[in-house]
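Q: Quick one: structure below, then a few questions.
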Amino acid sequence: MANEYTNDINIKNTISLRDILAELPSYVKVVFRGIENKASSRTRLGYAIDIKTFYNFLCSECPQFRGRKPIDITLDDISRLEAEDIEEYLEYLKYYEKNGKIYTNGEQAIKRKLSALRVFYAYLYKNNRISSNPAEKVDMPKIHGKTITRLDINEIADFLDAVEYGDHLTEHQQAYHAKTKVRDLAILTLMLGTGIRVSECVGIDLNDVDFNNGRVKVTRKGGYESYVYFGDEVTAALTDYFEERKHIEPVSGHENALFLSSQRKRMSVRSVEMLVKKYSEGVIPMKHITPHKLRSTYGTELYRETGDIYLVADVLGHSDVNTTRKHYADMDEDRRRSVRNRVQLREKRDN
């Protein structure tokens, strides 16, 4: 059963989804009801935002729809679109202007928006609402690999030292550091020591932590719950924070939250992102460190220690091991390179 935090997020996502669908034709709502049990509220909201962007493109850029509103576009209109129209949309996404603001989309964003269109068209086609599926004919954009940023061993130590002792913080930051350092160290040690996502971290409740078995229950992407195990360093950091947490009176409605903000409310994803930025900028200025980089750091170290990509995928909560393999392919290359002289073809002779 989803915890309080997850339920709150689902409600907010559902409200936002309804607001978007109110601006789109009724058959779009049918599609989203149809995929409700197959996608999380976050995924459905993302799809809705992307579908709305597509309809806005049709109304602003396509001559046959110009002057109309998204809600006026019929199923017949959608069924008459061809693959070429969708390809034009993908080209448009790279750079466009709306209400005086410039928007750009990289390869990943364009791929995501095409994925949303494919889900949309596939549902309509499968349920005999349209006679053809042009989105299926459009190739997914090729994603060019990027170097994965991670913390090196010495950088992990410097980062956690900054959290614990306030190294490299500004005077203004130092003034608040003593009040939050125990909490901050618990959060960031937990993330570095388990590889959990920032959304999973802020969603943890007090009773989700099981010190007897060295594990914490988190709600993964997709809404399912899973136990993640932690070691002695995480235990020590969490124990110190639990002692401090006993003396904090949370705001009503946030009593179950493990990590509390200065306002005594559940920490937000944005708050943790700002924590990571604050502590990393002074000690690792050459790298742009985010919560996801902490996750990548843990995955890297776990793979180095075990060499088991399936274990890493399971611990990180990846539904597809290929996602994990893609992120750690460079380490496979290192492993292959390291054994290049292990196989000896001929016995060496003494001259």
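What follows is calculated from the coordinates using simple rules that are stated; it is not laboratory data. This is a predicted model, so every value here is computed, not measured. Quick reminder, even Gly has a Cβ in these numbers, built from the backbone with ideal geometry, and neighbours come from all protein chains shown.
Q: Taking the square root of 5 times each eigenvalue of the Cα gyration tensor, what semi-axes in Å does the equivalent ellipsoid of the range 69-172 have, largest first?
A: In descending order, the three semi-axes are 45, 18, 14 Å.
Q: Show me, for the range 245-260, the HN-Hα J-couplings you get by feeding each phi into the Karplus relation (A = 6.51, B = -1.76, C = 1.60, θ = phi - 60°), rounded to Hz, glycine and proline as x.
A: Calculated HN-Hα couplings, in order: 4, 4, 9, 9, 9, x, 5, 3, x, 10, 4, 8, 5, 6, 9, 10 Hz.
Q: Next question, about the same structure. Please check the chain for the longest run free of chymotrypsin sites (Phe, Trp or Tyr not before Pro) that are loop-located per DSSP (anything but H, G, I, E, B) and have at most 15 other Cβ atoms within 10 Å.
A: For chymotrypsin sites (Phe, Trp or Tyr not before Pro) (loop position, at most 15 other Cβ atoms within 10 Å), the longest site-free span of the chain is 1-210.
Q: For the chain, with a Gaussian network of springs between Cα atoms less than 10 Å apart, report the residue from Lys142, Lys287, Lys69 with the top mean-square fluctuation.
A: Maximum fluctuation in the GNM of the chain, among the listed residues, is at Lys142.
Q: Sticking with this structure for a sec: Using Cα pairs under 8 angstrom and six or more residues apart, how large is the relative contact order of the range 153-327, in percent?
A: Reported as a whole number, the value is 26 percent.
Q: Report the Cα centroid-to-centroid distance between the range 1-46 and the range 127-193 in angstrom, as an integer.
A: 26
Q: Through the Karplus equation 6.51 cos²θ - 1.76 cosθ + 1.60, θ set to phi - 60°, convert the phi angles of the range 275-288 into ³J(HN,Hα) values in whole Hz; use x for Gly and Pro.
A: Along the range 275-288, the couplings run 4, 4, 4, 4, 7, 7, 4, x, 9, 9, x, 7, 10, 8 Hz.
Q: Leaving out same-chain residues fewer than 8 places away, which aspartates and glutamates sit with a Cα under 19 Å from that of Lys101?
A: Asp50, Glu61, Glu91
Q: Within the set Lys38/Lys111; Lys111/Lys137; Lys52/Lys277; Lys38/Lys287; Lys29/Lys293; Lys181/Lys265, which residue pairs have Cα atoms separated by over 26 Å?
A: Pairs exceeding 26 Å: Lys52/Lys277; Lys38/Lys287; Lys29/Lys293.
Q: Which of Val209, Val321, Val312 has the fewest other C-beta atoms within 10 Å, and how do the rest follow up to the most?
A: Arranged by neighbour count, lowest to highest, Val209, Val321, Val312 become Val321, Val209, Val312.
Q: If you don't mind, there's one more thing I want to ask. Could I have the simple spin-label model distance between Glu255 and Ala178, label points 7 Å from Cα toward Cβ, reported in nm to one decimal?
A: 3.2
Q: Shifting gears a bit: Short version: ³J(HN,Hα) in whole Hz for each residue of the range 162-176, in order, from phi by Karplus 6.51 cos²θ - 1.76 cosθ + 1.60 (θ = phi - 60°), x for Gly and Pro, what are they?
A: Couplings: 4, 5, 6, 10, x, 4, 6, 7, 6, 4, 5, 5, 4, 4, 9 Hz.
Q: On to the next question. In degrees between 0 and 90, to the nearest 10, how far off the longest principal axis of the chain does helix 107-126 point, with axes built from Cα atoms?
A: Orientation of helix 107-126: about 50 degrees from the principal axis.
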